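To start, the structure under review is shown below, and the notes come after it.
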Amino acid sequence: MIETFQYKGKEDGLSLLVLAAVHGNETAGTKALSRLIEKLDKQQICLKKGKLTLVPVCNPAAYQRHIRETEENLNRVMKPHENPQTYEQKLANEICPLIATHRVTLDLHSTHCPDDVPFAFCDYPDNYNSSLIAVLPVDYVLEGWPQMYAAQNAISDFSTEGYAHTCGNTATTLECGYHEAETAAEIAYQAVLNALAAFGMIEAPMPPLMDKKHILMKYFVIKEKSGRLLKNYKHLDKIRAGEKLAVYDDGTILTAPQNGFILLPNPDAAIGAEWYYFGIQA
Ligand SMILES: [Zn+2]
């Protein structure tokens, strides 16, 4: 069901997998990979070392309808399923063997709100994702996702990063900014080129190492009933201790426990889905 594009260098080297549109409406990575595939096919960019596999559309049915998912969130079911029950579980069965056979995966996403700041997730720090994140064209890195999920004993971490870690490999998620922003596709493209250069897979100067601000994710809020966020929050907005963040229609108010940042606020979250996250400076 998914289409892959594979390139091999003359010399041995790293195996890098780049995924896009795991969420069907997040097309910045798809645009970036289409541009890269054209350049690789015309040999305007040549893979010197290693193996590069590109998957421009990981969720084709959702991509065609420009929606996040058809039946469930693909990035919460990323593990092999013996008896796949949903379309996304069938996709996971195609994508997992790729993640298992590539040392590094870069998973390109985008976010809900205009002007969203791009950032990377680093769930399982190691040398590969440290090298990769250092050259990604973003200022922020969010850490602590698996610990946060374990602490809240909620959804298991069946994400691309979680599955790669299970296989002894490395994955990094890059959120390239707002879905529709012109800059998002450019950030995605630059990220992949920088990765290829940093891992010595193409002939290019080492990209500059960019300083990052590290944010530790503390908890997330599932929207339990109907309600609303109290401001037009943007991802990474600074929050003061005690600030009222959201209110349920029955009057229950959710406040910030300490100074920090609101992360990934989703004003349109469905009941039962993640509403927002909260983090502090690491
Ligand atoms: Zn996404």
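Structural remarks
- Per-pair calculated FRET efficiency, R0 = 35 Å: Phe5 and Glu243 via Cβ, rounded to 0.05: 0.15
- Look at the dipole of the chain built from charges on Cβ: of Ile45, Thr173, Ala150, the Cα furthest out on the positive end belongs to Ile45.
- Average Cα contact separation per residue, region 117-183, under 8 Å, 6 or more apart, as relative contact order %: 47 percent
- Mean Cβ neighbour count within 10 Å, used as a protection proxy, ranking 248-257, 41-50 highest first: 41-50, 248-257
- Rounded to the nearest 20 debye, dipole of region 5-198 from Cβ charges on Lys, Arg, Asp, Glu: 840 debye
- Net dipole in debye of region 218-281 [+1 Lys, Arg Cβ; -1 Asp, Glu Cβ; about Cα centre; nearest 20]: 240 debye
- Given Lys90/Lys225; Lys10/Lys39; Lys213/Lys238; Lys8/Lys31; Lys218/Lys238, the pairs whose alpha carbons are separated by over 25 Å: Lys90/Lys225
- Shape box of region 93-248 [Cα atoms, principal axes, largest first, Å]: 54, 32, 27
- In percent, rounded to a whole number, the relative contact order of the chain is 18, using alpha-carbon pairs under 8 Å and six or more apart.
- In plain terms, the C-alpha convex hull of region 156-263 casts an average shadow of 9.9 nm² when viewed from every direction.
- When the charge dipole of region 218-281 is built from unit charges on Cβ atoms (+1 for Lys and Arg, -1 for Asp and Glu) and taken about the Cα centre, the candidate among Val221, Gln258, Ala273 whose Cα reaches farthest toward its positive end is Gln258.
- Modelled label positions at Ala282 and Leu230, each set 7 Å beyond Cα in the direction of Cβ, lie 2.9 nm from each other.
- GNM flexibility winner over the chain from Ser159, Ser131, Ser110 (Cα, springs under 10 Å): Ser131
- Values of log10 I(q)/I(0) for region 122-165 across q = 0.19, 0.22, 0.25, 0.26 Å⁻¹ run -0.64, -0.80, -0.95, -0.99, by the Debye formula with one identical scatterer at each alpha carbon and no solvent.
- Hull-based mean projected area of region 218-281, where the convex hull spans the alpha carbons, in square nanometres: 3.7 nm²
- Leading residue at positive end of dipole, the chain (Cβ point charges), from Met78, Gly13, Pro97: Gly13
- Cα centroids of region 9-84 and region 154-228: 13 Å apart.
- Calculated P(r) of the chain - Cα pairs past 30 Å, %: 28 percent
- What the Cβ-Cβ distance of Met210 and Glu94 gives, at R0 = 35 Å and to the nearest 0.05, is a FRET efficiency of 0.55.
- Mean ellipticity per residue at 222 nm, deg cm²/dmol - from DSSP H runs of n ≥ 4 across the chain, formula -39500 (n - 2.57): -8000 deg cm²/dmol
- The Kirkwood hydrodynamic radius of region 86-172, based on inverse pair distances between different Cα atoms, is 14.1 Å.
- Zone of Ala270's modelled label, taken as backbone nitrogen in region 61-85 under 16 Å from a point 7 Å along Cα→Cβ: 62-63, 65-77
We did not get these values from a lab; they are worked out from the coordinates using the rules stated. This structure is a prediction, so every number in the text was calculated from the model and none was measured. Neighbour counts run over all protein chains shown; Cβ positions are idealised from the backbone, glycine included.
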